[in-house]
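Notes follow the structure.
The values are calculated or read from the model by the stated rules, or taken from the named source; none is laboratory data. This is a predicted model, so every value here is computed, not measured. Please note: Cβ atoms are built from the backbone with ideal geometry, for glycine as well, and neighbour counts cover all protein chains shown. Side chains included, ligands, DNA and RNA excluded: accessible areas come from the protein's heavy atoms. Shrake-Rupley method; radii C 1.70, N 1.55, O 1.52, S 1.80 Å.
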Amino acid sequence: MINSKSSIDPNELRKLFPIFSKRSLVYLDSAATSQKPEIVINTVKNFYDEYNSNVHRSIYDISQEATEAYEIAREKIAKFLNIDKVNSIIFTKGTTESINLIAYSWVRHNLQKDDEILITEMEHHSNIVPWQLACKDIGAKLKIIPFEMDGTLSNPEKYFSKKTKLVSVTHQSNVFGTINDIDKIITLAKKYNAISVIDAAQSVPHFPVDVKALDCDFLAFSGHKMLGPTGVGVLYGKPELLEKMNPFLGGGEMIRSVKLNESTWNDIPWKFEAGTPNIAQAIGLGAAIDLLNQIGMKEIHNYEKKITDYTINSLREIDGIKIYGNAPNRGGVITFNIDNIHSHDLAQIVNNDKIAIRAGHHCAQPIMNKLNVSSTARVSFYFYNTFDEIDLLCNSLKKAIKLFQ
Ligand code: PLP
């Protein structure tokens, strides 16, 4: 049992994750995907063991149970984000699919030639490429808010204009860890009558996100980065927008009636959930949210701030290290390089000590280009990481330096 909403004890919380008892592992790549607690694994297993069936289709008992569990998961997500209208929560495959859904179902029907979509230079590829594809189809323009070398956005207000129809910004950078001032972006979007989209892939898992207070138009995130299974994510959309939007994918479930020459659409959110959804995964995400609520999102954020500060201070003591980004408001993602050692070599060497860190471009090549590097090393945290693990990391990095001397 968890000692509900007290300060975080990572050594206790680690016991909830089978992987940590099965192998020696310092896992510092939660920005890529988080580890899965037993309760989530068991919830998924229990679905297949006890009531596996399709949803929204049948009247027999197990199908009713599956439908109920699937829709309860949706309610849990709405509550977690402080959203009143449950029909504003669409299950997708993840952040990538959520953003593509907007690009296909809203942008391609509402933008015209020479309209502008505004993003930032610090986006993940999944918040760049869908807009590039849409702009190409429509003849619209993609405008970019640049970042400063400290990893903060540079004067976003300068890049809005009457032509801006949509702005899409990451809440927390997956490279710098910067928590962007999205209140300011959403306010600017309203001023210019533009739609606001928040890529919350790195924020919703790590701190409280109150969508009602933010009042953005769309918000996207992935279940697998917040203790949930892979293959399920969320798109929040304001119901009045979702109602007017065309479907994304066509098929079963998303229709009200089908004739051979025309069809009508189901109510939201199901209008956007064509075919058999990821039922077990959505129910598993519901279990993940229960656990996050029990631990407390504020507590998670506070703990991650402490371990991030400790890591930055420890890393700074290592000769030849360069940490990228230094935003005052940041989360648990730290990106760095060490002089004369390629990040892939670094990741390989620390892997010999059973430490998992990420090396590469982090699906953010425009950031790498501006930093003038081909790749970096990255460590990222969750509440199951301990300060001892950071000491192990630093010792391992020092070993790597010795090896390359
Ligand atoms: N946006 C950000 C900021 C991310 O960090 C990621 C994944 O790392 C994504 C979007 C894409 O998420 P997914 O691959 O789960 O669709």
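Below is a table of values for the structure above.
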read-out: Single residue of segment 123-144 satisfying the filter (in a helix (DSSP H, G or I), more than 16 Å from the ligand (Cβ to nearest atom) and touching a helix residue (DSSP H, G or I) at 6+ places or on another chain (Cβ under 7 Å)) that is nearest to Ala200 (Cα to Cα); value: Ala134
read-out: Test result for Phe147, within 15 Å of the ligand (Cβ to nearest atom), modelled with pLDDT of 95 or more, over 26 Å from Asn326 (Cβ atoms) and open to solvent by less than 30 Å² (accessible area, probe 1.4 Å); value: no
read-out: Test: residue in segment 288-301 that is in contact with a His (Cβ under 7 Å, 6 or more places away or on another chain), in a helix (DSSP H, G or I) and of a type in the set (Val, Ile, Thr); value: yes
read-out: Asn155 being within 27 Å of Arg378 (Cα to Cα) and over 23 Å from the mean Cα position of the chain (by Cα); value: yes
read-out: Single condition Thr43 does not satisfy, out of (1) in a helix (DSSP H, G or I); (2) of a type in the set (S, T, N, Q); (3) closer than 23 Å to Leu393 by Cβ; (4) open to solvent by less than 60 Å² (accessible area, probe 1.4 Å); value: (3)
read-out: Selection count where residues are free of Cβ contacts under 8 Å to residues at least 24 places away in the same chain and either in contact with a Gly (Cβ under 9 Å, 6 or more places away or on another chain) or assigned to a loop (DSSP other than H, G, I, E, B) (or both), scope segment 216-257; value: 1
read-out: Positions within segment 150-193 being of a type in the set (A, V, I, L, M) and either at pLDDT below 95 or part of a strand (DSSP E or B) (or both), in sequence order; value: Leu153, Leu166, Val167, Val169, Ile179
read-out: Residues located in segment 341-399, provided they are among the polar types (S, T, N, Q), open to solvent by 70 Å² or more (accessible area, probe 1.4 Å) and either away from the ligand (no atom under 15 Å from the Cβ) or not in a helix (DSSP H, G or I) (or both); value: Gln348, Asn351, Asn352, Asn369, Asn372, Ser374, Asn395
read-out: Qualifying residue in segment 68-84 (condition: over 22 Å from the mean Cα position of the chain (by Cα) and open to solvent by 30 Å² or more (accessible area, probe 1.4 Å)); value: yes
read-out: Residues satisfying the stated conditions in segment 235-264, i.e. in contact with a strand residue (DSSP E or B) (Cβ under 7 Å, 6 or more places away or on another chain) and either surrounded by 17 or more Cβ atoms within 10 Å (Cβ to Cβ) or under 21 Å from Thr96 (Cβ atoms) (or both); value: Leu235, Tyr236, Gly237, Pro247, Met254
read-out: Qualifying residue in segment 62-73 (condition: touching a Gly at 6+ places or on another chain (Cβ under 9 Å) and either among the charged types (D, E, K, R) or not in a helix (DSSP H, G or I) (or both)); value: no
read-out: Candidates Arg74, Arg57, filtered to the one that is basic (Lys, Arg) and at pLDDT below 95; value: Arg57
read-out: Qualifying position, being away from the ligand (no atom under 11 Å from the Cβ) and touching a helix residue (DSSP H, G or I) at 6+ places or on another chain (Cβ under 8 Å), among Ser168, Ser154, Ser196; value: Ser196
